[in-house]
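The values are calculated or read from the model by the stated rules, or taken from the named source; none is laboratory data. Treat the numbers as computed from the prediction; the structure is a model and nothing was measured. A quick note on method: Cβ atoms are made from the backbone with ideal geometry, for glycine too, and the neighbour counts reach across all protein chains shown.
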Amino acid sequence: MRIPKTALIGVPILLLVPLAVRFAFPAAEKYYLHLLIQILIWSFIYTGWSLMGRFGLTSLGHGAFTGIGAYVMVLLWNYAGITPWIGIPVAIVVSIIVALLVGYPCFRLRIVGHYFALLTLALTEFVRLCIVGLRDYTGGSLGTQPRRFGDGVSLYALQFEPDRVLSYYVALALWALGLYVWWRIDRSMDRYALDAASQDEDAAASVGIDVTREKLKITAISAAMCALGGAIYAQYQMYIGPDTIAGLSVSLNIVFAVIAGGMWVMLGPTVGAVFTQVLSEVLRVTIQNSAALQKVFGSAVLALDTMIYGLLLILFIIYMPKGILGTLLERREKKQETPLVPAKAGTRS
Amino acid sequence: MFTDLILRSPPQAGVSKDGRERNASMDCQLDIFFLEAVLNGLLLAGLLALLALGLNLIFGVIDVVWICYAELVMVGMYGIYYAHKGGAPFILAAVIGIVLVAAAGIVLHQLVIRPVLDSAPINQLLVTGGVLFFLQAAATMAFGIDFRNVGIRLGSFNAFDMSFSYSRIITFGVALAAMLLLWLFLSRSYIGIAIRAIAQDRQIMPLMGVDQRRIYMITSAIGGGLAGLAASLMVLQFDIYPQIGLQFGPLIFMICVLGGLGNMLGGFIAAFIISEFIAVGGSCFATEWGYAIAFLFFMVVIFIRPQGLFGGKS
Amino acid sequence: MLELSNIDAGYGGFQALFGVSMTVKAGEAVAVIGANGAGKTTLLRVISGLLPATAGTMTMEGVSLRATPPHKIISTGIAHVPEGRRLFPRLSVENNLKIGAFIPAARQKFAERLAFVYELFPRLKERRAQLAGTLSGGEQQMCAIARALMSGPKLVLLDEPSMGLAPVIVAQVFDLVRRIRGEGYTVLIVEQNVRQVLRIADRAYLLEVGRLKASGSAAELAASDEIRKAYMGI
């Protein structure tokens, strides 16, 4: 891994981004920072999902974990006055428990592929329905807001939304944490065990790999990351709704972005987040600025980005299943190496 | 009546008011309301079984899960709505809807499924997830986010202090008839038997003179047609809006998996079990809790019997 | 009737057949013998279109088979009884036979042919409502042959009909083959059970690692020392 060298250049650049934005777009500083913050937070969540996705555990249940993360933290804060510093760990623990409760039987019984995806989809729906059902506390399908503490910037309440620069650094730290976890796992023995298990469970078990245990480990980490991401997202948005932070469309969005970026390379999920966020922003701005498009579609233009997402998702899976970054890296490797050496990245299907 | 809201847990405040009312006033009792809920659950089951049938057929034959199945139903509902609004009598509009979705099924198969037939199963599932996004967003752009209704009110049938809407009763009857017809088709006709055979041994079908691509296309058309039929029944009961698929899509997958993916009879029975959970759970608590209990039940069952309640095919 | 000349075929990068040429004349029973992995099954799969040939020409009564899509080959009069029988286990015996008559030309004659195969194999008639997966091995082979006959073929390709069956049943299966020959079908049979197959065949080809090594009348081959040593264990 060439991490040290890139980090040497990359870290200062990333740290100085707010300054650059201030100079480059003095009028729209907040907007660009907002875009970056969104990208970073979602990158973290996507990275969390890809930890499972890269080993063939295609979960449609991660909308449940982001939802649990956000709602547990917000409800503890709003109704019990418990600071997010405790609320977030509690939320993470809750989502890990849920992940293990669902994961353990899945992995013991070797529920994979379609069944795993549909079962985790049921989990997403279950959590969403619980959120809606507990409408006296959660606000039902209309969502709710974390109670603002003081002027909205507070270490105690872990609130930072009004200060975009601060929010950027929070999101950046979160994103870096995600990459660190990814990197650690990529270099660990668990990764080889999981790789083996994703290709042939029997063979993996026969060489002494405790497949269930390995899968549970990665599932717990992945769920924890999504819960943390969901909680931070709630703190940044200062709003949570069952459809914005939980539910099937969140699950599918996660999967799509990671596939678009590439799930077998470290920065793949990040590229996926950049791609999806920038795409939807560009479309939104283009449409807002174009009277003609506005006239044709009216307020429904908001759906245009989703429509293009859907189309791209289809095209990606058919023509570029390794994602943008995965495919680019593979091309580069092919160019560099002699043609006889097979490409390293993602020979799996 | 609250049961009309089953399958429609929409984003607006109306339901939440309704849910609150029910929370406050209703305890689960073995009374006439309970019986009414049970019977309404039975009627709902017919519709859900019909929805599950198409998905199961496609999975059983092509080995692909159309995760956008509910969105095809949504497309059919809009088709019927506009055909009816454009002056077509309801039956004609329903036929148009069925043909429309059957055609959509063929297009979906040819454009999206065929290129990934040899990919990992999960890619096949996700690619139809893309179609889900696409259809939902396209419908939003084309038709807006308003709730629409074909405006046909059939009234309801009252007996022993209980009330059942005629639309539900018709739905139940048509769904049963459709299932019976499909069963006859699959067990009697050459194409039907080939459809069943292909699910058991794909490779040797050419030796029987069966063109696999053609069978896949026919199956996709039938699967789509069933979605269209379901749509024509659903417009009688529910409002149409672009996100309606998300309300019952997950439910159909759950029923299919519970019955054993690809097992049409299993799906049929599972539909009855699930809809009773929804109807009775919904009548005892709020609508969402009926659903939530159904999903919980589903997960628990899958952990006990991963192949589904009646699954043979793993 | 069936003519192959210089056929090459393979799986991916692996070539399994090298320049195979052979003929089967109407009314003949021709055997292809050889060791495991010699390419016998591949040969039949190429003829029936399950595996595309990569070179050479193949005709059935003058119709080019390489230009015919796989599912149309049965309409040229070739029916293939695949290795391992490959019945549809969860369809009834009668529905298996019905699938055999899937092609439009065969559908019209379904009732007639059904009566014919039931007469030929009365056991199948007794079991017609039973699921094919529940039949015994010998009965399954019977059903597989009957299914092939339902399309009204001129040429029947039989792939290892004795495979996986008990010795007593093997004798019965060869008897079946003799009977369908007696009904006037042309037969191309692939077998590892060389001794038995040479007794029912008129002519035979010997396939070794994808190449034809010998051919001749069944009697000649059965008398050849080389073949007796290598394949008949004498």
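Taking segment A:222-275 as the region of interest, how many residues are among the hydrophobic types (A, V, I, L, M, F, W, C) and within 14 Å of chain B (Cβ to nearest Cβ)?
Total satisfying the criteria: 13.
Would segment A:297-312 turn up any residue that is modelled with pLDDT under 80, within 13 Å of chain B (Cβ to nearest Cβ) and surrounded by fewer than 17 Cβ atoms within 10 Å (Cβ to Cβ)?
Yes.
Can you name the number of the only condition in (1) under 12 Å from residue B:48 (Cβ atoms); (2) surrounded by fewer than 24 Cβ atoms within 10 Å (Cβ to Cβ) that residue B:214 fails?
(1)
Which residue, of A:278, A:271, A:265, is in contact with a helix residue (DSSP H, G or I) (Cβ under 8 Å, 6 or more places away or on another chain), farther than 30 Å from residue A:194 by Cα and at pLDDT 85 or above?
Being in contact with a helix residue (DSSP H, G or I) (Cβ under 8 Å, 6 or more places away or on another chain), farther than 30 Å from residue A:194 by Cα and at pLDDT 85 or above holds for just one of A:278, A:271, A:265, which is A:278.
Considering only helices (runs of 4 or more DSSP H) fully contained in segment B:225-314, which possess at least 3 residues that are more than 15 Å from the chain's Cα centre (by Cα)?
B:264-284, B:287-304
Across segment A:110-138, what is the total count of residues that are in a helix (DSSP H, G or I) and either within 11 Å of residue B:254 (Cα to Cα) or aliphatic (A, V, I, L, M) (or both)?
Summing the residues that are in a helix (DSSP H, G or I) and either within 11 Å of residue B:254 (Cα to Cα) or aliphatic (A, V, I, L, M) (or both) in segment A:110-138 gives 13.
I need the full set of residues from segment C:8-40 which are β-branched (Val, Ile, Thr) and surrounded by fewer than 21 Cβ atoms within 10 Å (Cβ to Cβ), in order please.
Answer for segment C:8-40, where residues must be β-branched (Val, Ile, Thr) and surrounded by fewer than 21 Cβ atoms within 10 Å (Cβ to Cβ): just C:23.
Can you find even one residue in segment B:284-297 that is among the aliphatic types (A, V, I, L, M), in contact (Cβ under 8 Å) with a residue 60 or more places away in the chain and more than 11 Å from chain A (Cβ to nearest Cβ)?
Checking segment B:284-297: not a single residue is among the aliphatic types (A, V, I, L, M), in contact (Cβ under 8 Å) with a residue 60 or more places away in the chain and more than 11 Å from chain A (Cβ to nearest Cβ).
Select, from B:116, B:174, the only residue that is at pLDDT 85 or above and within 14 Å of chain A (Cβ to nearest Cβ).
Only one candidate qualifies: B:116.
Going by the conditions given, is residue C:120 in contact (Cβ under 8 Å) with a residue 60 or more places away in the chain, under 21 Å from residue C:189 (Cβ atoms) and in contact with a helix residue (DSSP H, G or I) (Cβ under 6 Å, 6 or more places away or on another chain)?
Against the criterion (in contact (Cβ under 8 Å) with a residue 60 or more places away in the chain, under 21 Å from residue C:189 (Cβ atoms) and in contact with a helix residue (DSSP H, G or I) (Cβ under 6 Å, 6 or more places away or on another chain)), residue C:120 does not qualify.
Of the residues in segment A:37-69, how many are modelled with pLDDT of 90 or more and over 13 Å from residue A:258 (Cβ atoms)?
Residues flagged as modelled with pLDDT of 90 or more and over 13 Å from residue A:258 (Cβ atoms) within segment A:37-69 amount to 12.
Across segment A:78-107, what is the total count of residues that are surrounded by fewer than 18 Cβ atoms within 10 Å (Cβ to Cβ) and of a type in the set (Gly, Ala, Ser)?
Qualifying residue count, segment A:78-107: 2.
Restricting attention to segment A:158-171, which residues are in contact with a Ser or Thr (Cβ under 8 Å, 6 or more places away or on another chain) and either crowded, with 20+ Cβ neighbours inside 10 Å or at the interface with chain B (Cβ under 9 Å from one of its Cβ atoms) (or both)?
Once the filter is applied, which keeps residues that are in contact with a Ser or Thr (Cβ under 8 Å, 6 or more places away or on another chain) and either crowded, with 20+ Cβ neighbours inside 10 Å or at the interface with chain B (Cβ under 9 Å from one of its Cβ atoms) (or both), segment A:158-171 yields only A:160.
Would you list the strands (runs of 3 or more DSSP E) that sit entirely within segment C:120-234 and hold 1 or more residues that are in contact with a strand residue (DSSP E or B) (Cβ under 7 Å, 6 or more places away or on another chain) and of a type in the set (Ser, Thr, Tyr)?
So the answer is C:186-191, C:203-208, C:211-217.
Output the number of residues of segment B:61-93 satisfying the condition of being under 16 Å from the mean Cα position of the chain (by Cα) and part of a helix (DSSP H, G or I).
Here the count works out to 10.
Tell me, which residue of segment C:196-207 that is surrounded by 15 or more Cβ atoms within 10 Å (Cβ to Cβ) and over 8 Å from residue C:33 (Cβ atoms) is modelled with the lowest pLDDT?
Checked segment C:196-207; the qualifying residue modelled with the lowest pLDDT is C:196.
Of the residues B:169, B:204, which single one is touching a strand residue (DSSP E or B) at 6+ places or on another chain (Cβ under 9 Å), without any contact (Cβ under 8 Å) to a residue 40 or more places away in the chain, among the aliphatic types (A, V, I, L, M) and surrounded by 15 or more Cβ atoms within 10 Å (Cβ to Cβ)?
B:204
Which members of segment A:104-124 meet the condition of being β-branched (Val, Ile, Thr) and either within 7 Å of chain B (Cβ to nearest Cβ) or more than 14 Å from residue A:215 (Cβ to Cβ) (or both)?
Correct list: A:111, A:124.
Applying the selection to segment C:82-109, what residues are more than 7 Å from every other protein chain (Cβ to nearest Cβ), in a helix (DSSP H, G or I) and surrounded by fewer than 16 Cβ atoms within 10 Å (Cβ to Cβ)?
Scanning segment C:82-109 gives C:104, C:105.
Rundown of residues vs (1) assigned to a loop (DSSP other than H, G, I, E, B); (2) within 30 Å of residue A:281 (Cα to Cα), yes/no style:
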residue: A:38; (1), (2): no, yes
residue: A:46; (1), (2): no, yes
residue: A:60; (1), (2): yes, yes
residue: A:66; (1), (2): no, yes
residue: A:79; (1), (2): no, no
residue: A:88; (1), (2): no, yes
residue: A:91; (1), (2): no, no
residue: A:94; (1), (2): no, no
residue: A:97; (1), (2): no, no
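Of the residues C:168, C:190, only one is more than 21 Å from residue B:200 (Cβ to Cβ) and either buried (at least 22 other Cβ atoms within 10 Å of the Cβ) or among the hydroxyl-bearing types (Ser, Thr, Tyr) (or both); which?
The match here is C:190.
Under 6 Å between Cβ atoms, which residue pairs at least 6 apart in sequence (or on different chains) link something in segment B:247-268 that is touching a residue at least 40 places away in the same chain (Cβ under 8 Å) with a partner that is basic (Lys, Arg)?
Filtered contacts from segment B:247-268: B:262/B:313.
May I ask you to list the residues in segment A:102-155 that are of a type in the set (A, V, I, L, M, F, W, C), modelled with pLDDT under 85 and farther than 30 Å from residue A:237 by Cα?
Result: A:109, A:111, A:112.
Is it the case, given these coordinates, that residue A:293 is within 14 Å of another protein chain (Cβ to nearest Cβ), more than 22 Å from the chain's Cα centre (by Cα) and either more than 22 Å from residue A:120 (Cα to Cα) or assigned to a helix (DSSP H, G or I) (or both)?
Yes; evaluated as a whole, the condition is true for this residue.
Can you report the number of residues in segment A:1-58 which are of a type in the set (S, T, N, Q) and either exposed (fewer than 11 other Cβ atoms within 10 Å of the Cβ) or more than 30 Å from residue A:96 (Cβ to Cβ) (or both)?
1
Which residues, taken from segment A:51-70, are β-branched (Val, Ile, Thr) and within 12 Å of another protein chain (Cβ to nearest Cβ)?
A:58
Given the conditions (1) touching a Gly at 6+ places or on another chain (Cβ under 6 Å); (2) surrounded by fewer than 21 Cβ atoms within 10 Å (Cβ to Cβ), and given that residue A:75 satisfies all but one, which numbered condition is not satisfied?
Going through the list (1) touching a Gly at 6+ places or on another chain (Cβ under 6 Å); (2) surrounded by fewer than 21 Cβ atoms within 10 Å (Cβ to Cβ), residue A:75 breaks only (1).
Here's a check for you: in segment B:125-163, which residue that is of a type in the set (Val, Ile, Thr) and closer than 18 Å to residue B:65 by Cα is farthest from the other protein chains (Cβ to nearest Cβ)?
Among residues in segment B:125-163 that are of a type in the set (Val, Ile, Thr) and closer than 18 Å to residue B:65 by Cα, the one farthest from the other protein chains (Cβ to nearest Cβ) is B:128.
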